[in-house]
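The values are calculated or read from the model by the stated rules, or taken from the named source; none is laboratory data. In this text, all values refer to a predicted model and were calculated from it rather than measured experimentally. All Cβ positions, even for glycine, are placed from backbone atoms using ideal geometry, and neighbour counts span all protein chains on display.
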Amino acid sequence: MSKIPRNFKLLEELEKGEKGLGAELISYGLTNQDDISMTNWNGTILGPPHSTHENRIYSLSIVCDENYPDKPPKVQFVSKINLPCVDSQGHVVVDKFDTLKNWKRSYTMETVLLELRKSMASSANKKLAQPTEGTTY
């Protein structure tokens, strides 16, 4: 079976993200529309209800380098958040986040954002004290 080239996969993700065809409550798109390498992306997660994240909007930076999709993207929260898989600089730590640690080529940025949102809503994390809303790294 042949592999879909990196740019084709990213174009597919871009189209899905821009047209809002993906999951509700998350969004993603290119940081700069002129980025022909499609490397730098922005992501947004709406905080899950019934958690300390409710009614919050979290901004993320996603970098899909030349190894994507064979290797996971580098994901960093811009908005401050308290989650076990996020370090003091906002980086999502690969070894602490199963989706990145057990990366599959079929995964997408949407997969990562949805799994992060699921992590926020988990019983272990939904009551964690959070930094003041609107603060950034």
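Run down Asn67, Asn55 and say which single residue is closer than 22 Å to Ala124 by Cβ and either in contact (Cβ under 8 Å) with a residue 60 or more places away in the chain or in a loop (DSSP other than H, G, I, E, B) (or both). Matching residue, one of Asn67, Asn55: Asn55.
The set of residues in the stretch 97-132 being under 21 Å from Asn42 (Cβ atoms) and loosely packed, with under 13 Cβ neighbours inside 10 Å consists of Lys118, Pro131.
Evaluate the stretch 74-95: report whether one residue or more is under 15 Å from Lys9 (Cα atoms), over 12 Å from the mean Cα position of the chain (by Cα) and charged (D, E, K, R). Among the residues of the stretch 74-95, not one is under 15 Å from Lys9 (Cα atoms), over 12 Å from the mean Cα position of the chain (by Cα) and charged (D, E, K, R), which makes the answer no.
The set of residues in the stretch 28-67 that are farther than 17 Å from Leu114 by Cβ and of a type in the set (Gly, Ala, Ser) comprises Ser37, Ser61.
Assess whether Gln89 counts as being within 25 Å of Thr136 (Cβ to Cβ), assigned to a loop (DSSP other than H, G, I, E, B) and either at pLDDT below 95 or in contact with an Asp or Glu (Cβ under 7 Å, 6 or more places away or on another chain) (or both). Spelling it out, it is not the case that Gln89 is within 25 Å of Thr136 (Cβ to Cβ), assigned to a loop (DSSP other than H, G, I, E, B) and either at pLDDT below 95 or in contact with an Asp or Glu (Cβ under 7 Å, 6 or more places away or on another chain) (or both).
The selection criterion, being surrounded by fewer than 17 Cβ atoms within 10 Å (Cβ to Cβ) and modelled with pLDDT of 95 or more, does not hold for Asn7.
Exactly one residue out of Pro69, Pro73 is surrounded by 11 or more Cβ atoms within 10 Å (Cβ to Cβ), farther than 16 Å from Val92 by Cα and of a type outside the set (A, V, I, L, M, F, W, C): that is Pro69.
Comparison of Ile81, Ile57 shows that the only residue that is among the hydrophobic types (A, V, I, L, M, F, W, C) and within 18 Å of Trp41 (Cα to Cα) is Ile57. Residues that are out of contact with any strand residue (DSSP E or B) (no Cβ under 9 Å at 6 or more places or on another chain) and assigned to a loop (DSSP other than H, G, I, E, B) were ranked within the stretch 8-27; the one that is nearest to Pro49 (Cα to Cα) is Ala23.
Return yes when Leu83 is assigned to a helix (DSSP H, G or I), crowded, with 17+ Cβ neighbours inside 10 Å and on the phi < 0 side of the Ramachandran plot and no when it is not.
no
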